[in-house]
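One structure is given below, encoded as structure tokens.
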Amino acid sequence: MLTSLSYAELPILDWFQTLHNPVLDRLAVFLGAIAANGEVFILLTLLLLLYKPTRKAGIVCATAILFDVLIVNVTIKPLVARIRPYDINTAVTILGSAPHDFSFPSGHTGIAFAFATGASVMGKKAHTLAVAFAAIMALSRLYLYVHYPTDVLAGLIIGVCCGLLAVFLWKKRFDRGIMK
């Protein structure tokens, strides 16, 4: 689906193209690669699950990620079927490998913010680090010209909502002593 909104967002992405330099290029490609299928967030969640002191956070993060993947990748992306910005502006050279699924919403951003919100149960320091990482991940999607700003915004909102839902669902169980 292509709308006038898609065209209106291209100047923002074009501005990000003016920021390109070798260091940021490598960083953005690296971030895209380590989270192409959510790998980095799944690995971090598994690490949290392995250790008793962080197991509750791992359970919350796993739940948030599951909700996010089901909503973003399984449900919304195929329904909306928004083509990617680099398919509109073919003059842009894509760094790294170009995603071949639909653009809306940003899966990288969604899973990053779902994890970051879930990590809030570990305390302010962990949550702040996770949110900073998620924000950098989100900006990298614009920098790489693979998502429109509204894709990233929607991914952020959905990810945070999935994280909050997971925190809410598990906190009740943790507070009742069901999960030790």
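The values are calculated or read from the model by the stated rules, or taken from the named source; none is laboratory data. Quick caveat, the model's predicted, so the values are computed rather than measured. Note that each Cβ is placed from the backbone with ideal geometry, even for glycine, and that neighbours are counted across all protein chains shown. To get the accessible areas, we keep the full protein, side chains included, count just its heavy atoms, and leave off ligands, DNA and RNA. Shrake-Rupley method; radii C 1.70, N 1.55, O 1.52, S 1.80 Å.
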One residue from Ala116, Ala98 being open to solvent by less than 80 Å² (accessible area, probe 1.4 Å), in a helix (DSSP H, G or I) and not acidic (Asp, Glu): Ala116
Any chance Thr150 is of a type in the set (Val, Ile, Thr) and more than 12 Å from the chain's Cα centre (by Cα): yes
Among (1) in a helix (DSSP H, G or I); (2) touching a residue at least 12 places away in the same chain (Cβ under 8 Å); (3) farther than 20 Å from Leu43 by Cβ - the single one Thr109 does not satisfy: (3)
Among the candidates His127, His100, residue that is without any contact (Cβ under 8 Å) to a residue 40 or more places away in the chain and within 21 Å of Phe67 (Cα to Cα): His127
Enumeration of residues in segment 91-145 that are polar (S, T, N, Q) and over 21 Å from Arg26 (Cα atoms): Ser103, Thr117, Ser120, Thr128
Matching option when the condition is over 15 Å from Gly163 (Cβ atoms) and acidic (Asp, Glu), among Asp68, Asp101: Asp101
Options Leu70, Leu13; residue that is closer than 21 Å to Thr150 by Cα, without any contact (Cβ under 8 Å) to a residue 40 or more places away in the chain and aliphatic (A, V, I, L, M): Leu70
Search result, residues across segment 119-133 that are open to solvent by 40 Å² or more (accessible area, probe 1.4 Å), of a type outside the set (Val, Ile, Thr) and under 21 Å from Leu169 (Cβ atoms): Ser120, Met122, His127
Helices (runs of 4 or more DSSP H) wholly inside segment 1-78 that include at least 1 residues being closer than 30 Å to Met122 by Cα and open to solvent by less than 80 Å² (accessible area, probe 1.4 Å): 22-34, 39-50, 55-69
Failed item in (1) in contact with a helix residue (DSSP H, G or I) (Cβ under 8 Å, 6 or more places away or on another chain); (2) surrounded by 15 or more Cβ atoms within 10 Å (Cβ to Cβ); (3) of a type outside the set (Lys, Arg), with Ile136 passing the rest: (2)
Qualifying residue in segment 22-30 (condition: in contact with a helix residue (DSSP H, G or I) (Cβ under 9 Å, 6 or more places away or on another chain) and on the phi > 0 side of the Ramachandran plot): no
Residue list for segment 143-155, restricted to those being open to solvent by less than 60 Å² (accessible area, probe 1.4 Å), modelled with pLDDT of 95 or more and among the aliphatic types (A, V, I, L, M): Val152, Ala154
